[in-house]
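Colleague: The following block contains the structure, expressed as structure tokens.
The values are calculated or read from the model by the stated rules, or taken from the named source; none is laboratory data. Note that this is a predicted model, so its numbers are computed, not measured. Cβ placement follows ideal geometry from the backbone for every residue including glycine, while neighbour counts extend to all protein chains displayed. Just so you know, the surface numbers come from the protein's heavy atoms only, side chains and all, with ligands and any DNA or RNA stripped out. Shrake-Rupley method; radii C 1.70, N 1.55, O 1.52, S 1.80 Å.
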Amino acid sequence: MVWLFAASVLAIVVAIDLVLALVAGIAGVRVTGGFHAAVTALVLLVIFGGTWWQIRQLAGGGEAVAALLGARAVDPSTGDLLERRLANIVEEMALASGIAVPRCYLLEHQRFINACAAGHTLDNAAVIVTRGALTRLSRDELQGVIAHEFAHIVNGDMRLNLRLVGVTFGLLVVALAGQKLIEHGPDSSDARASIGLLLVGGVLIALGWLGVLCGRAIKAGVSRDREYLADASAVQFTRNPDSIGGALRKIGGLGGAGGIGPKVRADAGEVAAQLAGIRTGSGADEHLRRSTAETFGHMFIAPAAAAVEGGLFATHPPLAERVRRIYGRAMDWLPAPEQPVARALESASARELPPLEYSAASGASPVAGLVAAAPTVTAVAAAVGAAAADAQAGRALASRLDVPPLAEAVLDSTRAPLLVLALLIEKRNAVGAQQRQAIAEALGAAAVAEVESLHTAVQSLEPGLRLPLLDRAAPALRKLPASSGERLLLLAHTLIAADGKVTLPEFLLFTVLKRRVGSAAQRAAPVRYATLAPLAAEAAQVLALLAQVRRGERAESAFAAGAALLPELKLVMPPTMSLDAVSQALARLAELAPLAKPAFIKACAAVAFVDGRTNWQAASCLRTVCAALDAPLPPQLAVDQG
């Protein structure tokens, strides 16, 4: 992508430079080296300025993309049964994947089948679906579509896709400049200048469309293989090829490009809007307009418009080939009539299904156990950053969190912050009174009573279920203004520090909370380290924490198991350890390049599973480390309850 973008920019700069030199010659202006330098600088400023502006416009992540698409946020406590089913599926998959529950958005007036995921980080992700996906798909098929989008989330495709939007818009700005020259050129009284500007404007538009083609080529080169990977991940997640396969076959049955039917003809106004990368038309449009499809079409599960479907620059592989890879053979398309709500909900929602039963003898941990077989260190490391392997695991975990009044509080943006505080009220006597006084001063006496009520319900949960509960509350917490999120973090820190020390559960909860709300949730950590070599001391701090949690007085043997997997670092267990130092270490380790993280995470897993078993404290600690590194660990590993 970088090389193709650079080649595109170079071609545009050289072409514009030559044309302007020709026009200057016709006008009798002497061309010098300074002229060429000024033209080159101006063109680069326009291209990179356009890229910067578009990327800044999308700085809000998934919420910003949803707004540009005209999508409506789905209320987590909605009474609409179809929207509730969507929210349930997204929630189940997030819990099973070990990430915060993304916010759901609905393209209300689009009757075709399509969906996309958008965001810069795991913590500001959004899942956007069309109304047609809710009304035309069965629950299993909708689950396949959402599983496909979760694969994009955990594989890092969201951030890449938003960068593609910015890069390609920078190339399109040249055409916009040409259009402005033609529209606002001099009057006909100055014929020579008018002809020159019309010539320059026409060339800029032509080169701008060259930019369009280059942008499409960049998107096509990046997107096609990612779609195949997401399809395969959806099958792995749901254990049912008919889930994503059925959805794709219905898309094909509706006409291919999201089922929109005939190709969309764009008028001159739409072309201008396409170049600007904005949405046109009324909210009642039955399809995504061509402008939107051009800008964001590569992010959807299927082409967003027939006009950008197929051909050399198609951003999606052929539907027939995707279906063939899923089933291993060619399959016919399926009809996709819109179903009445009653038929659409014939498959019971997650809340109506009987909970999956797991015997206490299975060794299933409350935070990391929904299967009986003990995992290997390699299996633990392989699970990091991947969509959950079993959709039923998320459904079962969600059912275990359905404890009144917690189930209602996680959906309410006014009660979710109080639930966070209830997770931190652990102390009694003078310390407990001090904590409650801090809450009363910040939020009022009524808030204290609500926190007490929620705390009583929290006490009925197994200890390791608290992190998944926090993940479940993520959509409601994201509704908070940035300032409110920061105040919540400050109040949570005050409660933790009330007794002058930090316990491990408090540390783990606060570390994850910082990734879910506040400024850290709105941006991705910058990549500053290509390898672990400069971060040996930080790696030792984190491994020491895991070792201490796992084996206590025999921590050195657990530490050695992880250090052995990183021999080049020559790690030594630090003589002292503080949670503050670990927090700082995690912040720096989050700046590792993505390909450098797996080796470190595998070493962490070796410590947590040093003897082939672990406990819920070590499993929670491992999961928190992975969350801090933006490499989520699905909570479905069997561990010892001790």
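Colleague: What accessible area per residue comes out for the range 448-513, rounded to a whole number of Å², with a 1.4 Å probe? List each step's numbers first, then the result.
Modeller: Numbers: 2460 Å² over 66 residues.
For the range 448-513, the per-residue accessible area is 37 Å².
Colleague: Quick check for you: with a 1.4 Å probe and neighbouring chains kept, what is the accessible area per residue of the range 567-607, in Å²?
Modeller: Details: 2050 Å² over 41 residues.
Value returned for the range 567-607: 50 Å² of accessible area per residue.
Colleague: I'd like to check one number: the per residue accessible area of the range 86-161, probe 1.4 Å, reported in Å² as a whole number. Spell out each step's value before the answer.
Modeller: Numbers: 960 Å² over 76 residues.
Here the per-residue accessible area is 13 Å².
Colleague: Between ALA21 and SER460, 0.36 nm times their residue separation minus their Cα-Cα distance comes to what? Numbers along the way, then the final one.
Modeller: Values: separation 439, 0.36 × 439 = 158.04 nm, distance 7.73 nm.
So the chain would gain 150.3 nm between ALA21 and SER460.
Colleague: Which percent of the accessible area of the range 22-138 is formed by carbon and sulfur heavy atoms (probe 1.4 angstrom)? Before the final figure, lay out each step's value.
Modeller: Numbers: 2560 of 3910 Å².
Ligands and nucleic acids excluded, carbon and sulfur give 66 percent.
Colleague: Quick one: which residues, 5+ away or cross-chain, put their amide H under 5 Å from the amide H of GLY156? H built at 1.01 Å from N.
Modeller: none
Colleague: I want to verify the translational diffusion coefficient of the range 508-597 in µm²/s; compute it with Stokes-Einstein, Rh as the Kirkwood radius over Cα pairs, at 37 °C and 0.692 mPa s.
Modeller: Details: Rh = 14.0 Å.
The calculation lands on 235 µm²/s.
Colleague: While we're on this one: Using only alpha-carbon positions, what ratio does the radius of gyration of the range 441-554 give when scaled by 2.2 N^0.38 Å? Present the calculation step by step, with values, prior to reporting the outcome.
Modeller: Details: Rg = 17.0 Å, N = 114, 2.2 N^0.38 = 13.3 Å.
The value comes to 1.28.
Colleague: Under unit Cβ charges (Lys, Arg +1; Asp, Glu -1), what dipole magnitude, rounded to 20 debye, does the range 539-642 have relative to its Cα centre?
Modeller: Values: 9 positive and 8 negative charges, 25 e Å.
Dipole about the Cα centre, nearest 20: 120 debye.
Colleague: Something else: State the Cα centre-to-centre distance between the range 76-94 and the range 446-464 in whole Å.
Modeller: For the range 76-94 versus the range 446-464, the Cα centre distance is 24 Å.
Colleague: With θ taken as phi - 60° and the coefficients 6.51, -1.76 and 1.60, list the Karplus ³J(HN,Hα) couplings across the range 440-445 in order, rounded to whole Hz; mark glycine and proline as x.
Modeller: 4, 5, 7, 10, x, 5
Colleague: Additional query: Shape of the range 513-562 from its Cα gyration tensor (a ≥ b ≥ c, root eigenvalues): rounded if a/c is under 1.5, otherwise prolate when a/b > b/c, or oblate?
Modeller: On the way: a/c = 4.61, a/b = 1.63, b/c = 2.82.
It comes out oblate by the Cα gyration axes.
Colleague: Could you work out what % of the accessible surface of the range 483-635 is carbon and sulfur, using a 1.4 angstrom probe and leaving DNA, RNA and ligands out of the count?
Modeller: On the way: 3680 of 6360 Å².
Ligands and nucleic acids excluded, carbon and sulfur give 58 percent.
Colleague: What is the distance in Å between the Cα centres of the range 195-210 and the range 480-501?
Modeller: Here the answer is 56 Å between Cα centres.
Colleague: Which value in Å is the Kirkwood Rh of the range 541-642 over different Cα pairs?
Modeller: On the way: mean 1/r = 0.0738 Å⁻¹.
Taking the inverse mean of 1/r over all distinct Cα pairs, the range 541-642 comes out at 13.5 Å.
Colleague: Taking one equal scatterer on every alpha-carbon of the range 1-70, how large is log10 of I(q)/I(0) by Debye at q = 0.24 1/Å?
Modeller: Computed log10 I(q)/I(0) values: -1.03.
Colleague: Still on this model: Rounded to two decimal places and with Rh computed the Kirkwood way over Cα pairs, what is Rg over Rh for the range 100-225? Don't skip to the answer; put the middle values down first.
Modeller: Details: Rg = 21.0 Å, Rh = 17.5 Å.
For the range 100-225, the value is 1.20.
Colleague: How big is D, in µm² s⁻¹, for the range 562-620 by Stokes-Einstein at 37 °C and 0.692 mPa s if Rh is the Kirkwood radius over C-alpha pairs? Kindly include the intermediate steps, with their values, before the conclusion.
Modeller: Details: Rh = 12.9 Å.
The calculation lands on 254 µm²/s.
Colleague: Can I ask one more? At q = 0.14 Å⁻¹, what is the log10 ratio I(q)/I(0) for the range 545-591, with the Debye formula run over Cα points and no solvent?
Modeller: The Debye formula, applied to the Cα set alone, gives -0.37.
Colleague: To the nearest whole percent, what portion of all C-alpha pairs in the range 194-259 is separated by more than 18 angstrom? List each step's numbers first, then the result.
Modeller: Values: 1340 of 2145 pairs.
Tail of the P(r) past 18 Å holds 62 percent of the pairs.
Colleague: Report Rg (one decimal) and Dmax (nearest whole number) for the range 86-129, counting Cα atoms only, units Å.
Modeller: 10.9, 32
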